[in-house]
Amino acid sequence: MTAPETVYLRSDTKLGRDVTIEPFVVFGPKVSVADDVVIRSHSHIEGATIAAGATIGPYARLRPGARIAEGAHI
């Protein structure tokens, strides 16, 4: 996390290894993030599963049920 004081994590958030989280990211309930994912600033994620190597954002909104494939760019 480049600015952890600006990131909101839920108690059930699951993060893999080597995940990069930029400022002002919000994790809602039931989020699972695999290894080597980059989540760019001002993204809001809830109820989503993100596979390894994906890049999310900036300004992305992932809603419940979203399944992001390995290496995808959103």
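The values are calculated or read from the model by the stated rules, or taken from the named source; none is laboratory data. Everything quoted here is computed from the prediction, not taken from an experiment. Quick reminder, even Gly has a Cβ in these numbers, built from the backbone with ideal geometry, and neighbours come from all protein chains shown. In case anyone asks, the SASA skips ligands and DNA or RNA and just uses the protein heavy atoms, side chains included. Shrake-Rupley method; radii C 1.70, N 1.55, O 1.52, S 1.80 Å.
Of the peptides 2-9, 17-24, 53-60, the order by per-residue mean of other Cβ atoms within 10 Å, starting with the highest, comes out as 53-60, 17-24, 2-9. The string of couplings for segment 4-21 from the Karplus curve (6.51, -1.76, 1.60, θ = phi - 60°) is x, 5, 9, 9, 10, 10, 7, 5, 9, 5, 10, 10, x, 7, 6, 8, 9, 10 Hz, one whole number per residue in order, with x for Gly and Pro. Averaged over its residues, the chain has an accessible area of 57 Å² per residue, based on protein heavy atoms and a 1.4 Å probe. Extending 7 Å from Cα along the Cβ direction at His42 and again at Arg17 yields two label points whose distance is 3.4 nm. Each peptide among 31-38, 43-50 gets the average number of other Cβ atoms lying within 10 Å of its residues, and from highest to lowest they stand as 43-50, 31-38. Length gained on full extension, Val26 to Ala52, computed as 0.36 nm times the residue gap minus the Cα-Cα distance: 7.4 nm.
Shown for the chain: the carbon plus sulfur share of the solvent-accessible area, taken with all protein chains present and a 1.4 angstrom probe, equals 51%.
With both labels modelled 7 Å from their Cα along Cα-to-Cβ, the Thr6 to Glu70 distance reads 3.2 nm.
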